[in-house]
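The values are calculated or read from the model by the stated rules, or taken from the named source; none is laboratory data. Note that this is a predicted model, so its numbers are computed, not measured. When we count neighbours, we look across all protein chains shown, and the Cβ atoms used for this are built from the backbone with ideal geometry, even at glycine. SASA here: full protein model, heavy atoms, side chains in, ligands and nucleic acids out. Shrake-Rupley method; radii C 1.70, N 1.55, O 1.52, S 1.80 Å.
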Amino acid sequence: MKARGVDVVDCSSGGISGSATGGASPRGLGFQVPYAERVRNDVGMASMAVGIILEAQQAEAILQNGQATSSRSAGSPVQSNIAQHWAHDLGINRKFEDWTPRIWMVARERIRTIEGFATPTGAVKRHA
């Protein structure tokens with residue numbers, strides 16, 4: 001594949017449920033990450049990990065552990081601009097400086113709303 005110009009292999013078994021999934025792995029957070037790790041280590045190519053990657057910290061751990069060269073949130077609840085959201089969660093672009101103006105305004109308002117109802121760990125606050 002390298003000789004044919006492939007830069008990165010997106011490592012997925014074909015889905016997360018039912019007969020569409022080619023792998024026999026039990027489903028759980030990051031369940032397809034071992035495929036990306038094997039491609040990266042055994043084949044020596046850049047690999048992208050998928051498979052229920054839902055949070056920035058989870059994606060960052062995959063990269064820091066050398067399991068893949070990139071990761072993405074495929075099939076997660078509709079989350080446009082996931083890279084910007086994850087960067088914000090990891091302390092990058094805390095003031096939305098790299099976001100387009102429209103996205104920045106929506107994200108800023110969403111975060112203000114969330115901060116009123118949830119702690120940093122996501123536990124819901126009860127307002128009297």
Residues of the stretch 60-74 being among the small types (Gly, Ala, Ser) and open to solvent by 10 Å² or more (accessible area, probe 1.4 Å), which ones? 61, 66, 70, 71, 73, 74
Tally the residues that are over 15 Å from the mean Cα position of the chain (by Cα) and on the phi > 0 side of the Ramachandran plot, restricting the search to the stretch 28-65. 1
List the residue pairs whose Cβ atoms are under 6 Å apart, where the first residue sits in the stretch 1-22 and is surrounded by 10 or more Cβ atoms within 10 Å (Cβ to Cβ), the second is at pLDDT 60 or above and assigned to a strand (DSSP E or B), and the two are 6 or more positions apart or on different chains. 8/46; 8/48; 9/47; 10/48; 11/47
For the stretch 37-59, how many residues meet the condition of being surrounded by 15 or more Cβ atoms within 10 Å (Cβ to Cβ) and in a helix (DSSP H, G or I)? 6
